[in-house]
Amino acid sequence: MKVLVASAGTPSALAAKTATASLPIIFITGNDPVKLGLVASLNRPGGNIAGVTVISLEVTGKRLELLREMIPTAAIVALLVNPTSSYSEPEIREAQEASRTLGLRLHVLEASSERDIDAAFDVYRALAHWMLGYPATALADADDALEHARESGHAGTLMYAQLHTSFTNILCAKYAAANAQSNEVVRLADEKGAALWKALGTMQKGCVLALSGKASEAIQMITSGITTYQSTGSRVYLPFFLSHLSGAHAGLGQFDEAWRYIGEAMAAVETTKERWYEAEIHRIKGEIALKLPQLGSSQAGAYFERALAVARQQQAKSWELRAAMSMAQLWRDQGKRNDARDLLTPVYNWFTEGFETCDLKEAKSLLGALAS
């Protein structure tokens with residue numbers, strides 16, 4: 001008896017079904033064979049074709065439940081999908097619904113080729129290396145991510161890589177590069193009609209403006225981007241964007257508004273469980289508290305202590321360095337120069353690379369001032 005085995009996935013199964021209505025066909029697919037038109041139903045395929053489906057929407061939620069059971073502390077889950085597959089959109093919807101039920105934050109990554117996968121992981125490796133205290137390595141990872149994204153030839157992958165590597169450039173104070181990347185995200189988003197990506201690029205441009213001393217423009221741009229972004233139901237990275245909105249208001253001397261938005265940033269951390277930026281939010285709260293008469297240096301010191309504690313708990317040396325600098329400056333102004341030097345020196349001495357980046361230059365300069 002002759003049997004046609006369609007083992008190369010959905011395309012070969014569809015081709016086999018088109019080629020013969022009499023020869024028995026056995027297939028394997030990662031999609032829903034009913035929706036593809038391969039079989040009449042899952043329990044009664046009918047005709048001359050039957051097979052196996054290894055992925056089904058019905059178990060997407062169950063997979064997340066099992067993941068939650070295995071890792072009860074998980075707060076954010078990444079879902080890697082192939083954007084060219086007809087299965088990806090319904091899978092994302094099912095995963096989003098299940099994530100909301102389970103109280104998880106879902107971060108969708110897109111990859112349709114090996115290069116896409118490389119880009120998807122390189123951008124997070126870059127952020128992780130920066131936080132862990134390896135800024136030079138982080139910048140190299142960001143360059144790799146962009147190279148892989150360009151090689152993929154996919155606009156979606158390039159938007160993703162440009163946006164996410166711009167975070168690393170912002171953290172390394174490479175604002176011109178970050179601004180160019182944000183502009184590219186907005187341009188590609190306009191071409192593709194991708195409102196969410198345009199909002200992300202717009203907010204990122206606003207953050208660069210805030211850090212470059214253009215506070216009024218930054219407020220307008222970030223506020224506009226947040227409105228569009230939230231209308232899509234998205235919440236990822238809100239703590240980062242709200243923190244820079246707070247910084248822009250502080251730059252204009254609008255400290256009450258700055259305090260409100262940094263409070264919203266912390267509320268977003270608690271709601272979304274997105275804690276990678278938490279230490280910096282506490283540090284920024286401390287800097288704003290110094291400008292508010294009703295809070296002052298004692299409250300600022302408490303926020304700097306909290307920033308240090310969070311950074312140390314996360315083993316995030318770059319956040320620890322920033323928090324230590326803020327605390328050291330406060331202690332210096334209070335006449336505690338030795339305490340300030342003793343706090344900052346071991347943190348600075350831990351670093352082995354990235355001494356040309358802004359944070360490490362500032363730390364070295366502060367230590368020099370404390371020693372004189």
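Read the figures in this text as sums done on the coordinates, not as results from a lab. This one's a predicted model, so the numbers in the text were calculated from it and none came from an experiment. Here the Cβ is made from the backbone with ideal geometry for all residues, glycine too, and neighbour counts use every protein chain on show.
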For the range 60-76, in residue order, the Karplus 3J(HN,Hα) values (coefficients 6.51, -1.76, 1.60; θ = phi - 60°; whole Hz; Gly and Pro = x) are 4, x, 5, 4, 5, 4, 5, 4, 5, 5, 6, 10, x, 7, 4, 10, 10
What percent does the relative contact order of the chain come to when contacts are Cα pairs within less than 8 Å and at least six residues apart?
-> 9 percent
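Counting other C-beta atoms within 10 Å, which of S243, S12, S372, S365 has the fewest, and how do the rest follow?
Numbers: S243 26, S12 17, S372 6, S365 11.
Sorted ascending by nearby Cβ count, the order is S372, S365, S12, S243.
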Mind pulling the angle between the C-alpha long axis of helix 175-192 and the longest principal axis of the chain? Nearest 10 degrees, somewhere in 0 to 90.
-> 30 degrees
With Cα extents along the principal axes in Å defined as stated, name the option among (i) 92, 42, 37; (ii) 68, 47, 37; (iii) 66, 54, 45 computed from the structure displayed.
-> (i)
Over the range 59-108, what relative contact order in percent results from Cα pairs under 8 Å that are six or more residues apart?
-> 51 percent
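When the expected Rg is taken as 2.2 N^0.38 Å, what fraction or multiple of it is the alpha-carbon Rg of the range 234-344?
Numbers: Rg = 13.7 Å, N = 111, 2.2 N^0.38 = 13.2 Å.
Normalised Rg, Cα atoms only: 1.04.
Based on Cβ point charges of +1 for Lys and Arg and -1 for Asp and Glu, what charge dipole magnitude is obtained for the chain about its Cα centre, in debye rounded to the nearest 20?
Details: 36 positive and 39 negative charges, 85 e Å.
Using Cβ point charges on Lys, Arg, Asp and Glu, the chain gives about 400 debye.
Please give the calculated 222 nm ellipticity per residue for the chain, where each DSSP H segment of at least 4 residues contributes -39500 (n - 2.57) and the sum is spread over every residue; nearest 500 deg cm²/dmol? Kindly include the intermediate steps, with their values, before the conclusion.
Numbers: 17 runs with 253 residues, N = 372.
My calculation for the chain gives -22000 deg cm²/dmol from helical runs alone.
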Nearest 10 degrees, 0 to 90: helix 155-171 Cα axis against the chain principal axis = 20 degrees
Would you kindly derive the ³J(HN,Hα) couplings of the range 100-113 from the backbone phi angles with the Karplus curve 6.51 cos²θ - 1.76 cosθ + 1.60 (θ = phi - 60°), listing them in order in whole Hz, with x for Gly and Pro?
-> 4, 5, 8, x, 9, 9, 9, 10, 8, 10, 10, 7, 10, 8
Calculate, for K361 and S298, the FRET efficiency according to 1/(1 + (r/R0)^6) with r their C-beta to C-beta distance and R0 25 Å; round to the nearest 0.05.
-> 0.25
Can you list residues whose amide H is under 5 Å from G51's amide H, if they're 5+ apart or on another chain and H is modeled 1.01 Å from N?
-> F27
Starting from the Cα of A15, step 7 Å along the direction of its Cβ; do the same at L196; then give the gap between the two resulting points in nm.
-> 3.3 nm
